[in-house]
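**Student:** Take a look at this one; I'll ask things after.
What follows draws every value from the coordinates through simple rules; no lab data is involved. Here the structure is a predicted model, which is why all the values come from computation and not from measurement. All Cβ positions, glycine included, derive from the backbone under ideal geometry; neighbour counts span all protein chains shown.
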Amino acid sequence: MLLEGGDLSFAQRSDEVIEALPPELTEHVSQETHAGVLELRTGVHVDVTGAVAELARLRRQLCVELGSLGVRTACAGMHPLASARETRISAAARYRMIAEAMRCLAVREPTMALHVHVAVPDPDDATRVLCRMRETVPLLVALSANSPFSQGRDTGFASARTVTFDGFPRTGLPRAFACYREYLEAIDPLIASGLLPDPTYLWWDVRLQPALGTVEVRVMDAQSTVAEIRPLVALVQSLARLELTGHPEESRLSAEVLAENRFLAARDGLGAHLIDPTTRGPAPIRRLLRKLVEDCRPHAAALGCSAELQSVDRLIAVNGAIRQRAWVSGGQDLGEVLSRLARQFAAPLPPVDVMSAAA
């Protein structure tokens, strides 16, 4: 979020801000649909440590550069106080096109997400990872939930971003594809028609990025600190390896059950009870998450991110949504919540073994 230095309202200035940034930063920064938001991108890394360290450096550098413009930054799934009537669309050609196509759907409170790309060179392997990641989407939604407030009120959702973004078409869970050819056959009419310029206009929770050779996990709320991003990146990378090194499995949950679990995770966050694929009864999501982490441990060890994966336990205890609500329960108003989010944006990255969930 770009914030005005005084009242921390959205600074609808992404075009101006990007022009003022030095070249070494602009290659990592781009506009988004809404003029009060920037996307910050790392380069390609072989491990979690490198990606997270670069992101921490980019956040610090961005704060320094924006300070001279009277602009601050913060990160969460949504701005707690923003309203749709204040929304402006950025000047970038892609987002002007999106605004024209989406019409009133684009004029809403901006949403912000964490996207993690995992390189999977073989297209059929990538399709296999895509399909299995569908089953973990509800767990990732709950774990990363960081948008309980919007328009100055508690939405009742842990991740209001998830359901707000669902107002766009081509969002939510992708269907399962048997192979890459089946995926191509499904999306080719959309692209060949000329109505969609390319596959990046498919805004699914998890999608293939053929131009990059990656599976992109897009369903997680943006995180307020880099320390909270670290375990999520480790979990996503380990999940991909878990699927690629195991035997292919048939989906144990129907599309209808997956969609319901996704809704419950967005609404109730870490307090949700999901339909368990084994028992078909309700199960506490924290129990399902701990089982998932346990399944990923050998893969994290092979990838060199065991310590980072271990810190998922701290997010299972307290994620961003829980923390924001705790601040309000403790007597702070949403302006003070936003101020705390701004202070956290470029907080130093602690050693992985001492990261505190209560920070």
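**Student:** When residues of region 104-122 are filtered for being outside any strand (DSSP E or B) and under 14 Å from the mean Cα position of the chain (by Cα), how many remain?
**Tutor:** Qualifying residue count for the region: 2.
**Student:** Looking only at region 292-315, decide whether some residue is on the phi > 0 side of the Ramachandran plot, in contact (Cβ under 8 Å) with a residue 60 or more places away in the chain, touching a Leu at 6+ places or on another chain (Cβ under 9 Å) and buried (at least 24 other Cβ atoms within 10 Å of the Cβ).
**Tutor:** No: zero hits.
**Student:** Among the strands (runs of 3 or more DSSP E) contained in region 24-103, which hold 3 or more residues that are within 17 Å of Leu3 (Cβ to Cβ)?
**Tutor:** Output list reads 38-40, 71-73.
**Student:** With the requirement that a residue be charged (D, E, K, R) and either farther than 17 Å from Met133 by Cα or not in a loop (DSSP other than H, G, I, E, B) (or both), what does region 194-225 give you?
**Tutor:** Within region 194-225, Asp198, Arg207, Glu216, Arg218, Asp221 meet the criteria.
**Student:** Could I ask something else about it? Does region 328-335 include one or more residues that are polar (S, T, N, Q) and assigned to a helix (DSSP H, G or I)?
**Tutor:** Yes, region 328-335 contains a residue that is polar (S, T, N, Q) and assigned to a helix (DSSP H, G or I).
**Student:** Restricting to region 309-349, name every residue that is out of contact with any Asp or Glu (no Cβ under 9 Å at 6 or more places or on another chain) and farther than 26 Å from Gly5 by Cβ.
**Tutor:** Leu309, Val312, Asp313, Ile316, Ala317, Val318, Ile322, Ala326, Ser329
**Student:** Okay, next question. Just give me the residues in region 316-327 being surrounded by 17 or more Cβ atoms within 10 Å (Cβ to Cβ) and either of a type in the set (Ser, Thr, Tyr) or not in a helix (DSSP H, G or I) (or both), in sequence order.
**Tutor:** Asn319
**Student:** Ok, one more. Val48 passes all but one of (1) out of contact with any strand residue (DSSP E or B) (no Cβ under 9 Å at 6 or more places or on another chain); (2) of a type in the set (A, V, I, L, M, F, W, C); (3) surrounded by fewer than 17 Cβ atoms within 10 Å (Cβ to Cβ); which number fails?
**Tutor:** It is condition (3) that Val48 fails.
**Student:** Can you name the condition, by its number, that Leu274 falls short on among (1) in contact with a helix residue (DSSP H, G or I) (Cβ under 6 Å, 6 or more places away or on another chain); (2) closer than 23 Å to Ala53 by Cβ?
**Tutor:** The failed condition is (2).
**Student:** Right, something else. Could you grab the pairs with beta carbons closer than 8 Å, sequence gap of 6+ or different chains, first residue in region 46-64 and under 15 Å from Glu228 (Cβ atoms) and in contact (Cβ under 8 Å) with a residue 40 or more places away in the chain, second one among the acidic types (Asp, Glu) and crowded, with 19+ Cβ neighbours inside 10 Å?
**Tutor:** Here the result reads Val48/Glu308; Val52/Glu308, each pair linking region 46-64 to a residue that is among the acidic types (Asp, Glu) and crowded, with 19+ Cβ neighbours inside 10 Å.
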